[in-house]
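Report on the following structure.
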Amino acid sequence: MREGRRIFRGRPAGELHLELGRAGSRSAGPRKAHGLSGPLGDIYYEPFLIVFGSQSRDPEETAANRRQAEAIRLGGLRGMRFYGIQVKSDREVTDRDIEAYHLILVGTPTANLLVGKINPRLPIRIENGAVVFGDQRFAGDDVGLRVIYPNPLNPKKYVVVCAGVTYKGLEGLGTLPLQNFGWNRGVAEPDAVVTDGRTFGQYSRLLATIIFNHEWQLEDPGPVVGKLASPLSRQGAECSWGDFRADVLREVTGADVALLEVDDHVYPIELPAGEITHQKLTLANNRSPIYTFSATGAQIKFALEHSLQRAIGETGLASDWFPVMRRPLAVAGFTYGFLRKRPFGERIILQGLDPQRTYRVATTEHVLTQALLGNAGEGYLGWLPTIRCVGMSEG
């Protein structure tokens, strides 16, 4: 790989020389650059205009488009209200608007003139009653798409399309809380999300998330690394997808145990049965660097006690201010249970860990930043000063 593009794959028979083509031989499409690289939230930091579709013959659809456009102005960036931002119908947008502003477009391709114009030129788009990209297809009246891309009508500016297969897919799409994105170090925001009307708690409309490569195109999914016989769900305090991720983390690092946050990444409601590619695993771990460090069984138990205190909300911080961080840590290499009514230090029941033994622990950058800074989580690895050095480079 070079500059995000695959230039060779396979096993060479002899000496191999690789080089990129000459200038001018690259794709003629847009490339990510400073100020035009995404992710979704990047549009809010320069002047933007919100445009709702007014082409539908159904007045209810037009009203829904306008309602979602107003919702973005009143709370589109994690509840932040924007003052002085214009909301226009697609009929009112001028060439000067397209030249001067980033655009947030709300409505289906048939209801919003501008969405209809640029929809065929997007790497992820709505067509034939579904959101489609690559070989994936998500159909349903309540399926929605939110994507950032260089505006095909003015490539010097962004466009964010908030569209649905029908207008039923628009509800809440423009103000969708993207779990953890932008709040915490080590957690990236995507360039596109696909949603539907299902809910699980506060943060579960995601069916898929996409991060484009340097040329604003879908990334190569990479080799198949496994196959799921049945879907993995994020339902429940101990979700099968969280346990799966912890097992993978432990296996690829060769560590004794693994610790990770259940909700620290961009996986959807469930991972469907079928082939698992390298891209899916990378995305599921939010592209987070992986670190390893040494800790005794007693120190690991202490960390779990702190994470449990945060998870069950006894401090009030996690449950009231940051509800996505409620669940206990997912682990691999051992098991544990807990009794909530016991005092701190006595709630965790370990199986498979010796308190006196030292273990090699694998974790992600997100867990480290949460644990060390106490950001939404008590500083639950603060007992290990060396982790601050270990965490500066990938383990």
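Scanning the range 191-218 for residues that are part of a loop (DSSP other than H, G, I, E, B), modelled with pLDDT under 85 and surrounded by 20 or more Cβ atoms within 10 Å (Cβ to Cβ) yields one hit, 205.
Restrict the check to the range 83-106 and report whether at least one residue is in a loop (DSSP other than H, G, I, E, B), at pLDDT below 80 and among the small types (Gly, Ala, Ser). Looking for residues that are in a loop (DSSP other than H, G, I, E, B), at pLDDT below 80 and among the small types (Gly, Ala, Ser), one finds at least one in the range 83-106, hence yes.
Each residue in the range 224-261 was checked for being out of contact with any strand residue (DSSP E or B) (no Cβ under 7 Å at 6 or more places or on another chain) and surrounded by fewer than 19 Cβ atoms within 10 Å (Cβ to Cβ), and 9 of them qualify.
Restrict the check to the range 110-119 and report whether at least one residue is out of contact with any helix residue (DSSP H, G or I) (no Cβ under 7 Å at 6 or more places or on another chain) and assigned to a loop (DSSP other than H, G, I, E, B). Checked against the condition, which is being out of contact with any helix residue (DSSP H, G or I) (no Cβ under 7 Å at 6 or more places or on another chain) and assigned to a loop (DSSP other than H, G, I, E, B), the range 110-119 yields no hits at all.
Would you confirm whether any residue within the range 358-372 is at pLDDT 85 or above, over 21 Å from the mean Cα position of the chain (by Cα), assigned to a loop (DSSP other than H, G, I, E, B) and hydrophobic (A, V, I, L, M, F, W, C)? Checked against the condition, which is being at pLDDT 85 or above, over 21 Å from the mean Cα position of the chain (by Cα), assigned to a loop (DSSP other than H, G, I, E, B) and hydrophobic (A, V, I, L, M, F, W, C), the range 358-372 yields no hits at all.
Taking the condition of being in contact with a helix residue (DSSP H, G or I) (Cβ under 7 Å, 6 or more places away or on another chain), without any contact (Cβ under 8 Å) to a residue 40 or more places away in the chain and part of a strand (DSSP E or B), how many residues in the range 125-181 meet it? Final tally of qualifying residues: 2. For the range 336-355, the set of residues classified as among the aliphatic types (A, V, I, L, M) and in contact with a helix residue (DSSP H, G or I) (Cβ under 9 Å, 6 or more places away or on another chain) consists of 348, 350, 353, listed by residue number.
The values are calculated or read from the model by the stated rules, or taken from the named source; none is laboratory data. Computed from a predicted model, the values in this text were never measured in an experiment. Counting neighbours? That spans all protein chains shown, and the Cβs are built from the backbone with ideal geometry, glycine included.
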